[in-house]
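To start, the structure under review is shown below, and the notes come after it.
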Amino acid sequence: MEVTWIALSAALVLAVSAIATAWAQSRIGAAGAAALAEKPELSGTMIILVAIPETMVILGFVVAVLIILRGGGG
Amino acid sequence: MIIPMVKVRVLGPRERIDDALGALQDFGLVHLGDASSLAWLGSPDVGPREQRRQRYVRRAVDDLTEALKFLGDVPRPEPPVPHDQIDLRKLVRSARRVAGQARSLDARRQELEDERRELERYRDFLVAIRPALERLAGSPRLTSYAVVIPAGSRTAVDALTTSLRAEAGPDFATATRELAGGDLAVLLVLPRAFAERLESRLAESRVPEIPMPAGYAGKPIGEVVPAMLQRIESVPVELASLERQRRLLGEAHRRDFARQRAALHDWLRLADARQRCGVTARAFALEGWLPFARTGDLQTLLRDLAGDAMVVEELAREAWPAEDAPVVLLNPRLFRPFEAIVRILPLPVYGTMDPTPFVAVFFPMFFGMILGDIGYGMFLAGIGLWLHHRSRPGSVARTISEIAGPCAAFSIIFGALYGEFLGDLGSRWFGLQALAFDREESVMAALAVAAGIGTVHVVLGLAVGAVTAWRHERRHAIGRGVSGVMVLLVIVVLLAALDVLPGALFTPAVVALLVSFPVLVAAEGFLAPLELLATLGNVLSYTRIMALGTASVMLAVVANRMVGMIGSTVVGFIFALLFHLVNFAIGLFSPSIHVMRLHFVEFFGKFYSPGGRRYEPFGHWHPNQGA
């Protein structure tokens, strides 16, 4: 039972952070596409801006790994 | 590094202004500023005649560019024609006439190429049915039809031909040939008595018919086939003739047009530079920046030109703001490709730090830490070498190949440290052992290393920020330094609390933190603690090195498992290979983006001052420079 909760918690952490990242990237991506249509020279900056919210899912991944390893599920 | 620049002011008699500008244009190293706005100077008058002339020259340049677009540009034109030898009116007329001729030749060529493409689709069919048609030509009893139908209508045509064969008997025959693009061409041979019935049958059976090429529709097939075959032969001859005319047109005008356009561009640049000069009734002054090391050359040049009549004055560094100075990055050969990464952001302000050397060290290192696989690293090295071999010096492809080299080297080094060759294939096939730790098993070790390297990188950024700010904003520099120390202290406190470091360090580190806190607030203000928290968040951001690396190795392991999971070994091997290729592609793209982000956001954020001006020295025009 405990292993189930550990697995569920890790999955929840990853899922929520992934959804948050996806939502943020969708907004930034849409705005970025509009900006690039007018200023193609911003492409480098836009790639970076789109990559910024990925911190959330990466930290979510790290926390999920910690939950599994520290919780004894690994 | 950002090469040291010096701001100079050139003073001379007003009547020698064009001589001075001409010499500077030949010198080609002075980035001109605007001296016309200086308080004691005015800007040179440009009369209506001069303005008209400039407008006319600009239009002539546009006409020449348009003509050269059709004729093919000259990458390295010969020295420009002296401007005063150009008859603008005649030149514009000639450019427009030649552009018109080239344009109509191009349009005709496009038409012929379309026609050839269209006719080529039918070639096999026409060649195949020609003998039958020649035999039928003398037959009073039989006639023929050709129809082109979409591939999807084959069933309907089959049903129709079966029914016609039943009615017309052995005299009915068909030949079908697939055309390029999938359509079907069908030749129907039948007694003349059935000819009227055929059209109604075609309509009834709802076979969609694709029209024959324009000019051939509605004509008897006996006439169309020889005409189309003849055209297939004659179109390439016409195309070759057009190509010859075009080449002759280019040879006759391209070189002259290129030289004259370069001369007109130079003249416009000179006119623009004249507007940047400040003048009095008798004198002129111009200002600009040039590399410090070339100041002596400029002085010699102007002394040779005008003796004591012209003076080059160096302005003190305090007399001009750093934001106005142009920026030139100059790095050792090994680091130079990484300037391309720095240039994604606006250039750094003059007088600040050029981060290229740091990027050249940390970018490939972080990339290698993430990809960390001997096999992928070797593959990347191979791609880099191939790209290097195929690219021209200075091209984007060459720069990418030169960045790929160090990235591949670090990938191989970290692959050896992690014991990875195409995931776990190395350990399974050759007994490859990790020299440091196995990423697949030791996730916590990878996490600790990533956080550790993040700490080093962020603290280095703070240290660089402190050093850069020390000259102008000492308080800010102290704040940066204290922030760096506090980040290190926080890490020590955490590690001591987790028993990674001796517990004895805990109390001194906490005391040091408490002492640093007011210093930080005094130096950077009340928002500094928030900034410190953000800096600690920056350190955590480096855990992406572990996260992406773990994902990469897991995907490689899954690819290897495919060989055993799928029944056939061959199919499994192919799937595994494809999966490795996908993982490799992800392994190139994802680390590049994330490592760039770590540099631009986490590292550069501590010291980088964007907003430097591009160095655009006043010189002769070159086709690669655009307008």
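Against the definition (away from chain A (no Cβ under 14 Å), small (Gly, Ala, Ser) and within 24 Å of the chain's Cα centre (by Cα)), how does B:GLY564 come out, yes or no?
Numbers: away from chain A (no Cβ under 14 Å): yes; small (Gly, Ala, Ser): yes; within 24 Å of the chain's Cα centre (by Cα): no.
When the stated conditions are applied, B:GLY564 does not pass them.
Just one of (1) in contact (Cβ under 8 Å) with a residue 40 or more places away in the chain; (2) within 13 Å of another protein chain (Cβ to nearest Cβ); (3) surrounded by fewer than 19 Cβ atoms within 10 Å (Cβ to Cβ); (4) not hydroxyl-bearing (Ser, Thr, Tyr) fails for A:ALA64. It is (3). Evaluating A:SER43 against the criteria (1) within 12 Å of another protein chain (Cβ to nearest Cβ); (2) buried (at least 17 other Cβ atoms within 10 Å of the Cβ); (3) within 23 Å of B:VAL595 (Cβ to Cβ) leaves one unmet condition, (2).
Can you tell me which residues in the range B:262-282 are outside any helix (DSSP H, G or I) and crowded, with 18+ Cβ neighbours inside 10 Å?
Narrowing the range B:262-282 to residues outside any helix (DSSP H, G or I): B:276-282.
Scanning the range B:262-282 gives B:ARG276, B:CYS277, B:GLY278, B:VAL279.
A single entry from B:LEU548, B:LEU578 fulfils the requirement of being within 14 Å of another protein chain (Cβ to nearest Cβ) and in a helix (DSSP H, G or I): B:LEU548.
Listed conditions (1) over 28 Å from B:GLU111 (Cβ atoms); (2) at pLDDT below 75; (3) touching a Pro at 6+ places or on another chain (Cβ under 9 Å) are all met by B:GLY182, apart from (1). Among the conditions (1) under 30 Å from B:ALA360 (Cβ atoms); (2) loosely packed, with under 14 Cβ neighbours inside 10 Å, the only one that B:HIS31 does not satisfy is (2).
Cβ separations smaller than 7 Å between residues 6+ apart or across chains give the following pairs from the range B:343-368 residues that are within 14 Å of another protein chain (Cβ to nearest Cβ) to residues that are in a helix (DSSP H, G or I) and surrounded by fewer than 21 Cβ atoms within 10 Å (Cβ to Cβ): B:ILE344/A:GLY44.
Within the range B:148-167, can one find any residue that is in contact with a strand residue (DSSP E or B) (Cβ under 9 Å, 6 or more places away or on another chain), part of a loop (DSSP other than H, G, I, E, B) and in contact (Cβ under 8 Å) with a residue 24 or more places away in the chain? Yes, the range B:148-167 has at least one match. Please work out if A:LEU69 is modelled with pLDDT under 85, farther than 18 Å from B:LEU447 by Cα and either part of a helix (DSSP H, G or I) or within 11 Å of chain B (Cβ to nearest Cβ) (or both). No; evaluated as a whole, the condition is false for this residue. Exactly one residue out of B:ALA60, B:ALA128, B:ALA146, B:ALA156 is within 30 Å of B:ASP272 (Cβ to Cβ), surrounded by 13 or more Cβ atoms within 10 Å (Cβ to Cβ) and among the small types (Gly, Ala, Ser), and it is B:ALA60. With a requirement of 2 or more residues that are in contact with a Phe, Trp or Tyr (Cβ under 9 Å, 6 or more places away or on another chain) and exposed (fewer than 15 other Cβ atoms within 10 Å of the Cβ), the helices (runs of 4 or more DSSP H) lying completely within the range B:364-476 that satisfy it span B:425-430, B:443-470.
Conditions tested, residue by residue: (1) more than 11 Å from chain B (Cβ to nearest Cβ); (2) surrounded by fewer than 16 Cβ atoms within 10 Å (Cβ to Cβ); (3) not hydroxyl-bearing (Ser, Thr, Tyr).
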residue	(1), (2), (3)
A:LEU14	no, no, yes
A:THR21	yes, no, no
A:ARG27	yes, yes, yes
A:LEU36	yes, yes, yes
A:LYS39	yes, yes, yes
A:LEU49	no, no, yes
A:ILE58	no, no, yes
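The values are calculated or read from the model by the stated rules, or taken from the named source; none is laboratory data. These numbers were taken from a predicted model, which means no experiment stands behind them. Every residue, glycine among them, receives a Cβ derived from its backbone with ideal geometry; neighbour counts consider all protein chains shown.
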